[in-house]
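Below you'll find the structure, written out as structure tokens, and then a few comments.
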Amino acid sequence: MKELLLFLSCVLCVSADVLHEDIQIVGCSDSDGEEMYGLDGEEKAYADFNKKEEIYPQPPFVVNPFHYQEGAYENAVANQQICRENMKRVGKGMKDYPLEQVAPSGVMIYTRDEVEFGEKNTLICHVTGFYPAPVNVSWTKNGQKVTGSSINTPYPNKDGTFTQISRLQFTPQLGDIYSCAVQHLALTQPATKFYEVDSSAQSDPGVGPAAFCGVGLTVGLLGVAAGTFFLIKGNECS
Ligand SMILES: *[C@@H]1O[C@H](CO)[C@@H](O)[C@H](O)[C@H]1NC(C)=O
């Protein structure tokens, strides 16, 4: 009974801890703009000002695809106007106050899925800790520029800096070298990370377990043999 109570109180304290964090961000510059809704650190919707619609980047495992209220995109367009107008007024009032600049504190490159040679995968360039948004991310394969990557809208971090993630579809082939180069206002030259498809990149589920099993079995059998040996020796002595 005591154990059951302990378990129940644990469930309660966990569920009491669950607080969802819903954010909306409106950002603008003279040439660029962003409106994004996020939940618990993930992008849920953003306004695509090129396609002129609200985009819901939901992963395939979402059970019931949802949309926010009607008019989200029209709202975003209106908010951009307000944002630009406010910027102008603040700029005038505060005599073009200096812009704070923080270079990205982290750039990471990795694959979305475990690497299998010849199997489609996604390279991810994760950039964080910069201000202001956005960054530009460009990709190369074996030194040649590649196109077709996508980048999400800037997501705000707790400390006021931003995170952005660029994705590139690719098919891993042994020896290929990819890079992502990050441009930001506070960087004098791009921050570049490399990813090499080498033989250690491929996870090989066949050999590992088999080897462990073989070694384990051998050690086990040796143990049984040694045990039997000492048992017999022990019996002889007594
Ligand atoms: C990103 O690319 C655009 C278009 O090429 C350019 O205007 C902008 O200055 C670049 N931003 C940075 C931070 O380099």
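Every number here is computed from the coordinates shown, using simple stated rules; none is lab data. As the structure is a computational prediction, the values presented were derived from the model and not from experiment. Reconstructed Cβ throughout: ideal geometry from the backbone, glycine too, with neighbour counts over all protein chains shown.
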Note: residue 183 to residue 110 extended length (0.36 nm per residue) minus current alpha-carbon separation gives 24.4 nm
Between the alpha carbon centres of the range 117-159 and the range 21-99 the gap in Å comes to 20
Bins of 5 Å from zero: percent of alpha-carbon pairs in the range 106-201: 3, 14, 24, 24, 17, 10, 6, 2, 0
Give me the distance in nm between label points sitting 7 Å out from Cα along the Cα-to-Cβ direction at residue 24 and residue 51, one decimal. 2.1
Filter 51/145; 51/95; 44/92; 95/145; 88/145 down to the pairs with a C-alpha to C-alpha distance above 30 Å, please. 51/95; 44/92; 95/145; 88/145
Based solely on its DSSP helices, what 222 nm [θ] is calculated for the chain when runs of n ≥ 4 H residues each add -39,500 (n - 2.57) and the sum is averaged over all residues, nearest 500 deg cm²/dmol? -10000 deg cm²/dmol
Looking only at lysines whose Cα falls under 22 Å of residue 141's and that sit 8 or more positions away or on another chain, we get 120, 193
Net charge dipole size for the chain [Lys, Arg +1 and Asp, Glu -1 on Cβ; Debye, nearest 20]: 460
Mind listing the phi-derived Karplus ³J(HN,Hα) values for the range 37-54, rounded to whole Hz, using 6.51, -1.76 and 1.60 with θ = phi - 60°, and x for any glycine or proline? 10, x, 9, 6, x, 10, 5, 10, 7, 8, 8, 9, 6, 7, 7, 6, 7, 7
Total charge of the residues flanking residue 180 in space, meaning their Cβ is under 12 Å from its Cβ, with Lys and Arg +1 and Asp and Glu -1, is +4
Top positive-direction residue, dipole computed over the range 106-201 with Cβ charges, set 190, 166, 131: 131
Net length gained if the chain between residue 196 and residue 102 were fully extended (0.36 nm per residue, minus Cα distance): 31.0 nm
If packing is taken as the average number of other Cβ atoms within 10 Å across a peptide's residues, how do 160-167, 73-80, 58-65, 21-28 rank, most packed first? 160-167, 73-80, 21-28, 58-65
Sorted largest first, the Cα spans of the chain on the principal axes come out in Å as 101, 60, 37
Quote the charge dipole size of the range 106-201 about the Cα centre in Debye, to the nearest 20; the model charges only the Cβ of Lys and Arg (+1) and of Asp and Glu (-1). 380
At a 10 angstrom cut-off on C-beta neighbours, averaged per residue, how do the peptides 177-189, 213-225, 124-136 rank from highest to lowest? 124-136, 177-189, 213-225
Among 24, 152, 177, pick out the residue whose Cα is farthest towards the positive end of the charge dipole of the chain, where Lys and Arg carry +1 and Asp and Glu carry -1 on C-beta, about the Cα centre. 177
